[in-house]
């Protein structure tokens, strides 16, 4: 059967399909480092950041002002596709609501003033969205296409404490509901392969997230990056990354557990090649994406096919 939210062979609701139907054409994300820090780095919550984090997830961002970074992203897209492209300004590096509202409004406003920017995506932590920040985001969502990306990684606090997340699942739930009640589009970020987690735990995270009916999710593989605490754990022999086949099988099962309306914004992740320690197979994203498509067809499952069965 053909999946409802697809116009190709995909058995899940891709971001490309969602944006094409929202805007009438291809939309690209332009990554930004807006100069924010993180309470898990500067000492407000902890120091050192999450055990898997290297540089606040800003490996693919440019230097310079927000305007200069967007200009560089537009140059890259124009060189590749031959003309300027519509973009969503993606505030990616560190915690992008970790500042006074006045600062947030200035930075978000600068991005929205750039030609061809048609929306914002803001990556952040649930413990960095208070009532004032929520009101700021609500107003922003009324003005433009907005996604707030909330880092969850796992619903299990024991795992989260192990990698130094700095907040519990209850905090995530409270912030998620606050944003949803404000009419804000929310994308939940999950990571597979965290130290100490079994495949069953990863599926339990997908089940609980699915029952919250997020607008979107991102599913990522745990990468071992140079200079992180997880690198030490890996070299100690205490941690073995997921194999490609195991990761593909887990992701397929997670997708089947999520409601079909939910947009799957990502089913694998990037680590800068120069910093990637393991697993080496993750570099070939096309192979991973193709493997997911093939496995879902072999198992005859699609997004949501298991959602009503638990």
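Summary of computed values
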read-out	value
All positions within region 78-102 that are surrounded by 18 or more Cβ atoms within 10 Å (Cβ to Cβ) and in a helix (DSSP H, G or I)	none
Residue 153 in contact (Cβ under 8 Å) with a residue 40 or more places away in the chain and touching a helix residue (DSSP H, G or I) at 6+ places or on another chain (Cβ under 7 Å)	yes
Given (1) touching a residue at least 24 places away in the same chain (Cβ under 8 Å); (2) surrounded by fewer than 22 Cβ atoms within 10 Å (Cβ to Cβ), number of the condition residue 169 does not satisfy	(1)
Every pair of residues 6+ apart whose Cβ atoms lie under 9 Å, when the first sits in region 287-301 and is on the phi < 0 side of the Ramachandran plot and free of Cβ contacts under 8 Å to residues at least 24 places away in the same chain while the second is crowded, with 20+ Cβ neighbours inside 10 Å and assigned to a loop (DSSP other than H, G, I, E, B)	289/267; 289/268
Among the residues listed as 227, 237, the single one being modelled with pLDDT under 95 and surrounded by fewer than 21 Cβ atoms within 10 Å (Cβ to Cβ)	227
Options 257, 242; residue that is touching a helix residue (DSSP H, G or I) at 6+ places or on another chain (Cβ under 6 Å) and touching a residue at least 40 places away in the same chain (Cβ under 8 Å)	257
Residues of region 200-227 that turn out to be more than 20 Å from residue 187 (Cα to Cα) and out of contact with any helix residue (DSSP H, G or I) (no Cβ under 9 Å at 6 or more places or on another chain), as a count	2
Number of positions in region 1-29 that are surrounded by fewer than 13 Cβ atoms within 10 Å (Cβ to Cβ) and part of a loop (DSSP other than H, G, I, E, B)	9
Filter result for residue 111 (modelled with pLDDT of 95 or more, more than 19 Å from residue 72 (Cα to Cα) and either crowded, with 22+ Cβ neighbours inside 10 Å or touching a strand residue (DSSP E or B) at 6+ places or on another chain (Cβ under 7 Å) (or both))	no
Residue under evaluation residue 53, criteria (1) out of contact with any helix residue (DSSP H, G or I) (no Cβ under 8 Å at 6 or more places or on another chain); (2) buried (at least 17 other Cβ atoms within 10 Å of the Cβ); (3) assigned to a helix (DSSP H, G or I), criterion not met	(3)
Lone unmet requirement of (1) on the phi > 0 side of the Ramachandran plot; (2) at pLDDT 95 or above for residue 11	(1)
Unmet requirement for residue 43, which otherwise passes all of (1) surrounded by fewer than 17 Cβ atoms within 10 Å (Cβ to Cβ); (2) on the phi < 0 side of the Ramachandran plot	(2)
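The values are calculated or read from the model by the stated rules, or taken from the named source; none is laboratory data. Note that the structure is a prediction, hence the values are computed from the model and not measured. So basically every Cβ, Gly included, is an ideal-geometry build from the backbone, and we count neighbours across all protein chains shown.
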